[in-house]
Amino acid sequence: MKTLVFGHKSPDTDSTGSPILWAWYLNDLKGEAAEAVLLGEPNTEAAFLLQRWNLPKPAIISDVAEDAPVVIVDTNNPAELPAGINKADIRAIIDHHKLVGGLETKGPIDITVRPLACTATIMVDLMGDDAARMPDWAKATALTCILSDTLEFRSPTTTPHDRAVAERLAADLGIDIPAYAAEMFAAKSDVSAFSDAELLRMDSKEYNVGGKEFRVSVLETTSPQMILDRKDSLMASMVDVAKEDGADQVLLFVIDILNEEATLLVPNDLVKTLAEKSFGATVTGDTVVLPGVMSRKKQIIPVLKV
C-alpha cells in the first residue's frame, strides 16, 4: 500500500511542494512506495510552482482510509487534517509549527519538528548527503517553498539556515532569487478570479482564543489594494463563512509583502477589541494597519487576546 504524504487543508506552497518533495525521496531514494496528495485546491502561488516546473497536480483527497499509511508534513494540528486521521497509520510527522496535540498513532513514529521557517528546509536537512541527488525540479520545489514561507527572507520566522539552504539551491539552479521571488509573489497576488469565500479560506487556519473559535486567514500580496478594494464584500461574507465553518469569527490579515505590514479588517466590536488587546492598536474605522506584522505563526497567533 502506498504511503500518502500530505500537508494541511487550504494548501499553500509549502503544503503543496513539501509532500511532492518527500514522496520523491521515499520513492526514488528509499524504495518506499509513496504518493503526494493534497487536502484541497492549491493556492495561486502553489499553482505557479506546479506550472513553472511542469509538475502534475497531486490528487485531492477528502479523507483517509482506516490503517492507511500516511506521512504528515507542515502541520500537526488535527483541525487541519482529514477527519479520519487518527484511524490512519501515521508513520511520520515533519513540521515547523508548535505542537497542538490530539493526534494518535498506532505505534512509535519518526517526528521531526524544528524551529525553522519552512518544512522544505527540514526535508533537505533530513536527506543529508542524498539532497545532492535531487533533480532540478525537486531543488526548485524546495527553493520555492522556502522563499514562500520566508517571504523572500522578510518574515521574522526566517533563520540563517533557511536562507543558506535557499541560496545554495538557487546557486545550483542558476536562479536569481529576487527575480524568481517576484514571479512567485505576482502569482500569489493575482486573486481576481476568486470569490470572497474562497479568499477567506485560501490560507486559513482554525484557532481557539479565549473560548472563541477563530478562522485566522492571511493573504500575502504585493498588491494589497486589490484585496482591500473588496473589503466591504469580504466583511459581509465573513458571516456566512464563519457560520458554515463553525467559527465565531473570521479574521483576515492582508500582508503587504513589500511594505512589511499587515492590514486587519475590522467588521465588528469583537475584532476591534481583539485588535486593541492583541496588538496595542488604536482602531478608528473598519481596518487597522499593523506595521511589521508578517507572520501568522510568530506575530499573530501567539498574541491574540479577546
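Quick one: Leu50 ticks every box in (1) in a loop (DSSP other than H, G, I, E, B); (2) surrounded by fewer than 21 Cβ atoms within 10 Å (Cβ to Cβ) except a single one, so which number is it?
For Leu50, the failing item is (1).
Six or more apart or on different chains, Cβ atoms under 7 Å: show the pairs whose first residue is in region 48-75 and in the same structural domain as Asp110 (by TED's automatic domain parsing) and among the small types (Gly, Ala, Ser) and whose second is in a strand (DSSP E or B) and at pLDDT 95 or above.
These pairs meet every condition: Ala59/Val37; Ala68/Leu4; Ala68/Asp89.
Of everything in region 26-42 that's in a loop (DSSP other than H, G, I, E, B) and out of contact with any strand residue (DSSP E or B) (no Cβ under 8 Å at 6 or more places or on another chain), which residue is surrounded by the fewest Cβ atoms within 10 Å (Cβ to Cβ)?
Step by step, filter region 26-42, then rank; the result is Gly31.
Does any residue of region 235-249 turn out to be within 24 Å of Arg154 (Cβ to Cβ) and part of a strand (DSSP E or B)?
no
Of the residues Leu151, Leu143, only one is in the same structural domain as Asp74 (by TED's automatic domain parsing), modelled with pLDDT of 95 or more and closer than 18 Å to Ile20 by Cα; which?
Result: Leu143 is the single residue among Leu151, Leu143 that is in the same structural domain as Asp74 (by TED's automatic domain parsing), modelled with pLDDT of 95 or more and closer than 18 Å to Ile20 by Cα.
Do you know which residues across region 198-231 are part of a helix (DSSP H, G or I) and basic (Lys, Arg)?
Answer for region 198-231, where residues must be part of a helix (DSSP H, G or I) and basic (Lys, Arg): Arg201, Lys231.
Determine whether region 78-99 contains at least one residue that is in a strand (DSSP E or B) and out of contact with any Ser or Thr (no Cβ under 9 Å at 6 or more places or on another chain).
no
So which of Asp256, Asp245, Asp232 is surrounded by 17 or more Cβ atoms within 10 Å (Cβ to Cβ), of a type in the set (D, E, K, R) and within 28 Å of Ala187 (Cβ to Cβ)?
After applying the criteria, what remains is Asp256.
The values are calculated or read from the model by the stated rules, or taken from the named source; none is laboratory data. Treat the numbers as computed from the prediction; the structure is a model and nothing was measured. Please note: Cβ atoms are built from the backbone with ideal geometry, for glycine as well, and neighbour counts cover all protein chains shown.
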